[in-house]
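Beneath this line is the structure, given in structure tokens, with notes to follow.
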Amino acid sequence: MRNLWQDLRFAVRMLVKSPGMTAVAVLTLALGIGANTAIFSLVNSFLLRPMPVPHAEQIAYLTFETKEGTLQNNFSVPEYQDIQRGAGAAFSDVFGYQIGTGGLTIGKETAPVTTNYVSGNFFNGLGLQPELGRFISENEGNPAQITPVIVLGYTCWKTRFGGDPDVVGRSVLFDGRPVTVIGVVKREFHGPYALLDTQVYLPLGMLMADPTNPRDYMTNRDQRYLVLYGRMRPGVDVAGAQPILRVLSERMAREYPESETGIVVEAFPERLSRPYPDRDNTMLKIATLFLILAALVLVLACVNVANFLLVRATVRQQEMAIRAAMGGSRRRLIQQLLTESLVLALAGGLAGVLVGMLATDLLSSVKLHTSFSVVLDFQFDWRVFLYGFGIALVTGLFVGVVPAWRASNGAMLQVMRDGGRTVTSGRRWVRNGLVVAQVGGSLMLLIIAGLMTRSLGNVRQMQLGFRAPGVVDFTMDPMEIGYDQARGTEFYKAVVEKVRMLPGVKSASVAFSAPMGYYQNGDSIEVPGMELAKGEALPGAGLNQVLPDYFATMGITLLQGRDFNYADGTDKPRVAIVNRAMAEKFWPKQDAIGHEFTMVSDRAHSLRVIGVVENSRTTSLMGPVRPYLYVPLTQNYSSLATLQVRVENINAPETMIGSVREAIASVAPTMPVFDVRPLLQAMDTLNGFLVFEMAALLAGVLGALGLILAVVGVFGVISFSVSQRTHEIGIRMALGAEAKSVLLMVLRQGAVIVAVGLGFGILLAAVLGSLVGGFLAGVSPFDPVTYVAVTFGLTLVAMLACYLPARRATRVDPMVALRYE
């Protein structure tokens, strides 16, 4: 311990003695460690941090596999009840919830809230205790009964009720109906769905208070909207639960062959099911990719600092030789030098954690363009701090081992006689090799950033099947102020008519779903004469409820048939318009007009196809366009919907927002309007452009850090080489060498290092590119344009870094150089 304390004090003195080098090294490590801690904090938030409930490792997310091998995440109420009764050997409790929205009225103020309709055992199954009051009881959560009680989320309690401690027992309005507040959840629990801050919890039976919900919701096995969790019994893991669930699935298929055939219930660990179970582990792959990229930035930073320490070791070889001559063992010298590198790394680690905190604060402010209350909690916890400390220690060892070994090397007499120059002049390959690695790693990072940027550009320019410029969205829910279906329908009609008459408006319509929005719908489809293989599940299609002129407003081409009109009411035959993908799937080589089909959620009504429209992107920018159908809002009412207004000024559509708001207020003065923004901005969602933007941004930042570190490394090595060859350069110039030849000699040395590094980087990029291919849109992971452009750009920058010390070499005064030697 006495030696350790002595080494620490001496290390601090030596680092303070060279403040310039120490500052540069600490800053370099801070950038590398900061990037890693920031990325790790994202991974920790999404994948590692357990749900804030007791024994979170026992919570499993339930899903089911269809005959096609795809995973479906929602169950019907009867299926939930079957699983609850039949899986008791694996789970001590099975509970569920359904995400919804509504309007919470406090006094005269109504605002939209995010809701969870929960089963009676939801809170008990999670093992939660209330902050105030109590939770929904088993009887109150009975799906068959409507119990007007409400539990507040902590954020809602603080923001809407001012943290009133006497809130329990208070009566408020939810969607215009009186409900009683019975409790408040604790601060740390934001709800079961990742990222989403649930504001209110209601009993599952309260869904039936909404007359627009299907009357058979609680009994229809095809009405699948419930997300299910199970708490595994002690000693049971996910693998142990699977045989029990498989037996249960077989029994359900025998008892209800029409709806359950081919369905196999499965369990996934909750931590690996965010935001939902995915057998391909997409989130894990994305997290691993960016952890690898961040680790490469740290490696580049370590290489830079290792080069600094190698230079420092060269300068200190005489000091080490004198210490050895005075009896210092090589082990003791290495220990001292490693202590210095560890102190340097820990200082860089502390600075890196501060950089990481700043970066995560910036990431937490990212706008997801949704009215949902979102939680982006990237705060550092013990895992992040432990990770930062761990990589700081590893960094210290990484950057210190080779310099310590080199500085403590033998040849003591020769070092003392020659000043260290002859010992190190033949070993420049170590430093050069490190710079090769820097250039290669930087090129790989820049290529990945270039691919991500090109991918973003492609999705921005891709044909979406509709014209987004010039459209403004206004989302509303008449139910929030107590409007029933009749009043809600009349409200939307009146608003559309008012808005259409505004100067500067070209057209307007209403739809439940906006492209790439968070409100989406779909259903399974039955087509007369369609044959399915035994056990094959019914095909599905996306679904949107719209008013007339929707296609004209959105710029979607009507290929065949007619548009909806207001005569398509509830007393008329049900009609639908399908996209080209659906027409080709279900009626290949036929005219789809006039054909009929049914949706599983409403088998009582057949829908007749009256039109076919061009394909358009609705829920995803990747993959093939899926079958999609549109139905009249007048026949399939949705209270929650978006008014979409096409304006003449496509360059500044937001200038019409005030006029449209006034038109809405003239029809319903108290109507809450939210998610008001141009459609192009509204498409910056997790379903739309936002993921590509974030990927391009993160990759770009990591690439820029890699570039800076590579340039510093090249510059440092060439500068040191020039300083070491001052005597040689002086002799050359004394013998008549021209400045041009000296310049080319130094540049040639740099060019070789850069060229080898570029070749190494291209190989690295090709290897990593195969991993990122699945996250790119419209660009190959081996895109030659990106590879050539980035390689050319890095070559120019690297050669500029070589040119500066090479130019300095041409200004060496031969007499001064020879006198110095």
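The values are calculated or read from the model by the stated rules, or taken from the named source; none is laboratory data. Keep in mind that this is a model prediction, so the values were computed, not measured. With ideal geometry, Cβ positions are generated from the backbone for all residues, glycine too; neighbour counts draw on all protein chains shown. In case anyone asks, the SASA skips ligands and DNA or RNA and just uses the protein heavy atoms, side chains included. Shrake-Rupley method; radii C 1.70, N 1.55, O 1.52, S 1.80 Å.
Give just the number: which of (1) closer than 21 Å to Asn36 by Cα; (2) touching a Gly at 6+ places or on another chain (Cβ under 7 Å) does Phe760 not satisfy?
All conditions are met except number (1).
When only residues in segment 569-612 that are among the charged types (D, E, K, R) and part of a strand (DSSP E or B) count, which is most open to solvent (accessible area, probe 1.4 Å)?
Arg608
Can you work out which of the residues in segment 157-171 that are surrounded by 19 or more Cβ atoms within 10 Å (Cβ to Cβ) and at pLDDT 95 or above is farthest from Leu686 (Cα to Cα)?
Going through the qualifying residues, I end up with Val167.
Check segment 155-171 and report whether any residue there is farther than 18 Å from Met208 by Cα, touching a Leu at 6+ places or on another chain (Cβ under 9 Å) and of a type in the set (A, V, I, L, M).
For segment 155-171, residues farther than 18 Å from Met208 by Cα, touching a Leu at 6+ places or on another chain (Cβ under 9 Å) and of a type in the set (A, V, I, L, M): present.
Residue under question is Leu532, and the condition is that it be more than 33 Å from the chain's Cα centre (by Cα) and open to solvent by less than 10 Å² (accessible area, probe 1.4 Å); does it hold?
no
Answer yes or no as to whether Thr261 is under 30 Å from Gly349 (Cα atoms) and among the polar types (S, T, N, Q).
Taking the combined requirement at face value, the residue does not satisfy it.
Condition first: of a type in the set (D, E, K, R), over 33 Å from the mean Cα position of the chain (by Cα) and closer than 30 Å to Tyr217 by Cα. Can you find one or more residues in segment 607-630 that meet it?
The answer is yes; a qualifying residue exists.
Which one of Leu434, Leu456 is over 27 Å from Val343 (Cα atoms) and either surrounded by 21 or more Cβ atoms within 10 Å (Cβ to Cβ) or at pLDDT below 80 (or both)?
Result of the check over Leu434, Leu456: Leu456.
Checking the conditions here, which among Tyr566, Tyr519 is open to solvent by less than 40 Å² (accessible area, probe 1.4 Å) and among the hydroxyl-bearing types (Ser, Thr, Tyr)?
When all the criteria are applied, what remains is Tyr519.
As an exercise: evaluate Thr105 against (1) closer than 30 Å to Leu272 by Cβ; (2) at pLDDT 90 or above and give the number of the one condition it does not meet.
Against the list (1) closer than 30 Å to Leu272 by Cβ; (2) at pLDDT 90 or above, Thr105 comes up short only on (1).
In segment 243-259, what residues are within 34 Å of the chain's Cα centre (by Cα) and open to solvent by less than 30 Å² (accessible area, probe 1.4 Å)?
Matches in segment 243-259: Leu245, Ser249.
So if I check each of Leu768, Leu764, Leu707, which one is modelled with pLDDT of 85 or more, of a type outside the set (Ser, Thr, Tyr), buried (at least 16 other Cβ atoms within 10 Å of the Cβ) and over 23 Å from Leu309 (Cβ atoms)?
Leu764
Sort out which residues of segment 352-385 are among the polar types (S, T, N, Q) and modelled with pLDDT under 80, and write them in order of number.
Ser364, Ser365, Thr370, Ser371, Ser373, Gln379
Write out, first by first residue and then by second, each pair whose Cβ atoms fall under 9 Å of each other, whose residues are 6+ apart or on separate chains, and whose first residue, in segment 510-526, is farther than 25 Å from Phe586 by Cα and among the aromatic types (Phe, Trp, Tyr) while the second is open to solvent by less than 10 Å² (accessible area, probe 1.4 Å) and in a strand (DSSP E or B).
Tyr519/Thr475; Tyr519/Ala641; Tyr519/Thr642
In segment 474-516, which residue that is charged (D, E, K, R) and farther than 27 Å from Asp222 by Cβ is surrounded by the most Cβ atoms within 10 Å (Cβ to Cβ)?
Glu480
Of the residues that make up segment 482-505, is at least one out of contact with any helix residue (DSSP H, G or I) (no Cβ under 7 Å at 6 or more places or on another chain) and part of a strand (DSSP E or B)?
no
For the structure I just gave you, tell me whether Leu702 is under 27 Å from the mean Cα position of the chain (by Cα) and either modelled with pLDDT of 85 or more or open to solvent by 20 Å² or more (accessible area, probe 1.4 Å) (or both).
no
List, please: which pairs have Cβ atoms under 6 Å, are six or more places apart or on different chains, and start with a residue in segment 163-191 that is farther than 14 Å from Ile136 by Cβ and end with one that is of a type in the set (Asp, Glu) and modelled with pLDDT of 95 or more?
So the pair list comes out as Lys186/Glu131.
If you scan segment 574-594, which residues turn out to be in contact with a Pro (Cβ under 8 Å, 6 or more places away or on another chain) and of a type outside the set (A, V, I, L, M)?
Correct list: Asn579, Lys585, Phe586.
In segment 172-194, how many residues are under 20 Å from Pro112 (Cβ atoms), more than 32 Å from the chain's Cα centre (by Cα) and not in a loop (DSSP other than H, G, I, E, B)?
Residues meeting the conditions: 7.
Collect the residues in segment 555-568 that are touching a residue at least 24 places away in the same chain (Cβ under 8 Å) and in a loop (DSSP other than H, G, I, E, B), keeping them in residue-number order.
Gly555, Ile556, Thr557, Arg562, Asp563, Phe564, Tyr566, Asp568
Would you check if Val676 is open to solvent by 20 Å² or more (accessible area, probe 1.4 Å) and touching a Phe, Trp or Tyr at 6+ places or on another chain (Cβ under 6 Å)?
Yes: the conditions hold for Val676.
For segment 215-251, enumerate the residues that are closer than 22 Å to Leu538 by Cα, free of Cβ contacts under 8 Å to residues at least 60 places away in the same chain and part of a loop (DSSP other than H, G, I, E, B).
Asp216
Name the single residue, out of those in segment 172-198 being among the β-branched types (Val, Ile, Thr) and over 23 Å from Ala60 (Cβ atoms), that is surrounded by the fewest Cβ atoms within 10 Å (Cβ to Cβ).
Per the stated criteria, the residue is Thr180.
Yes/no matrix, rows are residues, columns are (1) under 20 Å from Ile244 (Cα atoms); (2) in contact with a helix residue (DSSP H, G or I) (Cβ under 8 Å, 6 or more places away or on another chain); (3) touching a residue at least 60 places away in the same chain (Cβ under 8 Å):
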{"position": "Ile33", "(1), (2), (3)": "no, yes, yes"}
{"position": "Thr37", "(1), (2), (3)": "no, yes, yes"}
{"position": "Phe40", "(1), (2), (3)": "no, yes, yes"}
{"position": "Pro50", "(1), (2), (3)": "no, yes, yes"}
{"position": "Ile59", "(1), (2), (3)": "yes, yes, yes"}
{"position": "Thr63", "(1), (2), (3)": "yes, no, yes"}
{"position": "Asn74", "(1), (2), (3)": "yes, no, yes"}
{"position": "Glu79", "(1), (2), (3)": "yes, yes, yes"}
{"position": "Asp82", "(1), (2), (3)": "yes, yes, yes"}
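If we keep just the residues of segment 260-275 that are open to solvent by 30 Å² or more (accessible area, probe 1.4 Å) and assigned to a helix (DSSP H, G or I), which is modelled with the lowest pLDDT?
The extreme case among them is Leu272.
Spot the failing condition for Thr212; the list is (1) assigned to a loop (DSSP other than H, G, I, E, B); (2) in contact with a Leu (Cβ under 9 Å, 6 or more places away or on another chain); (3) of a type in the set (Val, Ile, Thr), and only one is missed.
(2)
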